[in-house]
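The values are calculated or read from the model by the stated rules, or taken from the named source; none is laboratory data. The shown structure was predicted, so the numbers you read here are calculated from the model rather than taken from an experiment. FYI the Cβ positions are ideal-geometry reconstructions off the backbone, even for glycines, and counts take in every protein chain you see.
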Amino acid sequence: MLVKSAEFVCSNTQVDKLPAPNLPEYAFIGRSNVGKSSLINALTNRKGLAKTSQRPGKTQLINHFIINDNWYLVDLPGYGYAQTSKKNREDWGKFIRYYLTRRENLQCIFVLIDSRLEPQKIDLDFCCWLGEKGLPFMLIFTKGDKQSNVKSDQNMAKFKRALLKWFEEVPRRFLTSSEEKVGLEPILAAIDEINAG
Ligand code: GDP
């Protein structure tokens with residue numbers, strides 16, 4: 001897919017104020033600092049579209065962007081920020097769970113995982129919750145340029161093994177580097193495929 005246009009639509013704190021669900025929608029989510037904003041900017045080839053390095057743990061916003069006038073890319077607030085309060089974490093959970101389970105035009109959730117790390121409980125728990133709810137998701141491993149491909153592959157394989165304890169099949173996985181613009185086209189192609197039905 002060629003991204004010809006990418007525009008910010010709106011930021012929301014309330015699920016009932018989201019844009020009308022009249023276009024297919026793809027959500028991006030992951031731990032704070034996983035590289036989500038960088039990935040969104042790299043995918044859309046727009047430097048400042050998603051704001052990088054926002055102070056985590058502040059207002060939780062659902063950001064909608066419209067791509068090529070025919071699908072929504074959604075930037076969801078990051079999870080797992082250690083410095084935030086328990087109340088913030090609970091609010092995050094409620095808000096996001098509500099969005100993910102109610103949004104009728106949501107086609108796929110891209111869960112971002114830091115490829116440098118061994119499987120983290122918080123990411124596995126989140127994937128398991130998506131699985132329990134029957135929500136379609138794929139995994140995007142970020143920051144692949146920060147270590148050797150061998151190391152990234154090892155961490156991806158460990159994550160896959162951990163998921164296989166709960167899932168019969170593991171969802172599609174992508175290894176990316178936003179810094180070096182690697183692994184982005186397969187993600188856009190997957191979106192194209194779903195959009196084409
Ligand atoms: P977010 O909090 O998930 O939106 O993460 P950001 O996109 O703001 O990235 C967090 C930090 O990781 C920033 O310092 C980015 O420059 C860095 N980063 C993100 N993606 C990559 C990548 O692919 N490679 C490298 N080397 N650094 C990255």
request  = Look at Gln154 and say whether it is at pLDDT 95 or above and surrounded by 14 or more Cβ atoms within 10 Å (Cβ to Cβ).
outcome  = yes
query = at negative phi, part of a strand (DSSP E or B) and aromatic (Phe, Trp, Tyr), is that true of Phe167?
reply = no
key: Among the residues listed as Asn41, Asn88, the single one being within 16 Å of the ligand (Cβ to nearest atom), modelled with pLDDT of 95 or more, part of a helix (DSSP H, G or I) and surrounded by fewer than 20 Cβ atoms within 10 Å (Cβ to Cβ)   = Asn41
key: So Leu135, is it under 15 Å from the mean Cα position of the chain (by Cα), more than 16 Å from the ligand (Cβ to nearest atom) and either assigned to a helix (DSSP H, G or I) or closer than 16 Å to Met1 by Cβ (or both)   = no
query = Among the residues of segment 173-197, how many are on the phi < 0 side of the Ramachandran plot, in contact with a helix residue (DSSP H, G or I) (Cβ under 8 Å, 6 or more places away or on another chain), surrounded by 14 or more Cβ atoms within 10 Å (Cβ to Cβ) and not β-branched (Val, Ile, Thr)?
reply = 8
inquiry  = Considering only residues that are closer than 12 Å to Met138 by Cβ and hydrophobic (A, V, I, L, M, F, W, C), which ones fall in segment 176-188?
reply    = Ile187
key: Any chance Lys160 is under 19 Å from the mean Cα position of the chain (by Cα), charged (D, E, K, R) and under 16 Å from Lys36 (Cβ atoms)   = no
request  = Could you please give the count of residues in segment 21-38 that are among the hydrophobic types (A, V, I, L, M, F, W, C), within 13 Å of the ligand (Cβ to nearest atom) and touching a Leu at 6+ places or on another chain (Cβ under 6 Å)?
outcome  = 2
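Yes or no, residue by residue, for (1) within 16 Å of the ligand (Cβ to nearest atom); (2) small (Gly, Ala, Ser); (3) closer than 11 Å to Ser115 by Cβ:
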| position | (1), (2), (3) |
| --- | --- |
| Asn155 | yes, no, yes |
| Pro171 | no, no, no |
| Lys181 | yes, no, no |
| Glu185 | yes, no, no |
| Ala189 | no, yes, no |
